[in-house]
Amino acid sequence: LAKTTQPISMDSYEGQEVNITCSHNNIATNDYITWYQQFPSQGPRFIIQGYKTKVTNEVASLFIPADRKSSTLSLPRVSLSDTAVYYCLVGPTDKLIFGTGTRLQVFP
Amino acid sequence: ETGVTQTPRHLVMGMTNKKSLKCEQHLGHNAMYWYKQSAKKPLELMFVYSLEERVENNSVPSRFSPECPNSSHLFLHLHTLQPEDSALYLCASSQDSTHPLGYEQYFGPGTRLTVT
């Protein structure tokens, strides 16, 4: 399995940029990196997906170095509503295992 | 709104009851999924359907029985459940079950199930 490792929790303040890093040392050649966001008692929400270099959408950016052994989800100018759990998935190798994710707390 | 709906949103059932959870997706996707999320535990993938065929069953007890009559609808039939089956049951869909599209999933709001 392409086991992923993320920080258990992070704190930030409104308006700051938040970077959440995921380590995946055993990523396979055909694996993509996908990030989800989940609020309490709701289903996860797809944020972004990438294979290499940089991917950007209206919500976030995903940075993947050349060796692909890690990836960083970047959330620009977070707000209180970005308080949630963020999951990094590497697949298809990890077979849709969501793990415990990173709990991001945004303060006023 | 993700285009995936689930009913009911809340369900309380006794251990001898039979009930069904329903999921419907309005996204034109070909793959659908059932997940279980217990309190303070990660999501657990239960079943995967692709074009109405079950392609994955992650060692789920037989008291959970999925049904996918067409690519837009997915059911989870429940019978003789245990209190430890109380959880949030989430349905998701994706354009395809193969990667990378299978990892871009859209989730419903979930059904909060309590087994008494």
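No value in this document is a laboratory result; all are computed from the given coordinates. Values in this document were obtained by computation on a predicted structure and should not be read as measured data. Here the Cβ is made from the backbone with ideal geometry for all residues, glycine too, and neighbour counts use every protein chain on show.
Computed over the alpha-carbon pairs of region A:45-108, the distance histogram in 5 Å steps reads 4, 15, 24, 27, 19, 8, 3, 0 percent, short to long. Near A:Val18, the amide H atoms lying under 5 Å from its own belong to A:Leu75, A:Arg77, A:Val78; only residues 5 or more places off or on other chains count, and H is placed 1.01 Å from N. Residues considered: B:Leu76, B:Leu90, B:Leu43. Largest GNM mean-square fluctuation over chain B, using C-alpha springs under 10 Å, is found at B:Leu43. Among the trypsin sites (Lys or Arg not before Pro) found in region B:1-44, those both in a DSSP coil and sparsely packed, with 12 or fewer other Cβ atoms within 10 Å of their Cβ, are B:Arg9, B:Lys40. Take every Cα pair under 8 Å whose residues are at least 6 apart in sequence, average their separation, divide by the length of region B:1-82, and the relative contact order is 33 percent. Note on the protein assembly as shown: Rg/Rh from C-alpha atoms, Kirkwood Rh, equals 0.98. Within the listed set A:Val55, A:Val18, A:Val85, the Gaussian network model of chain A (springs between alpha-carbon atoms below 10 Å) gives the highest mean-square fluctuation for A:Val55. In plain terms, chain A is cut at each of the trypsin sites (Lys or Arg not before Pro) found in a DSSP loop with at most 16 other Cβ atoms within 10 Å, and the longest leftover piece is A:4-51. Computed from backbone phi, the HN-Hα couplings of region A:59-75 come to 9, 7, 10, 10, 10, 10, x, 4, 7, 6, 7, 8, 8, 10, 8, 10, 10 Hz, rounded to whole numbers (Karplus: 6.51 cos²θ - 1.76 cosθ + 1.60, θ = phi - 60°; Gly and Pro given as x).
From the cross-link list A:Lys69/B:Lys22; B:Lys18/B:Lys41; A:Lys69/B:Lys40; A:Lys3/A:Lys54; A:Lys3/B:Lys19, which pairs have alpha carbons spaced over 32 Å apart? Pairs exceeding 32 Å: A:Lys69/B:Lys22; A:Lys3/B:Lys19. When you filter the GluC sites (Glu not before Pro) in region B:17-92 for DSSP loop state and at most 16 other Cβ atoms inside 10 Å of their Cβ, you are left with B:Glu52. Taken over the C-alpha atoms, region B:1-101 has Rg and Dmax values of 13.2, 41 angstrom. Assuming a ≥ b ≥ c are the square roots of the Cα gyration tensor eigenvalues, decide whether region A:27-78 counts as rounded (a/c under 1.5), prolate (otherwise, with a/b larger than b/c) or oblate. Cα axes put region A:27-78 in the oblate bin.
For region B:17-23, 3J(HN,Hα) computed residue by residue from phi via the Karplus equation (6.51, -1.76, 1.60; θ = phi - 60°) reads 6, 10, 9, 9, 9, 10, 9 Hz, glycine and proline entered as x. Mean-square fluctuations from a GNM of chain B, with a 10 angstrom spring cutoff on Cα atoms, peak among B:His26, B:His79, B:His99 at B:His99. Ordered from longest to shortest, the equivalent ellipsoid semi-axes for chain A are 22, 15, 11 Å, each the square root of 5 times a Cα gyration tensor eigenvalue.
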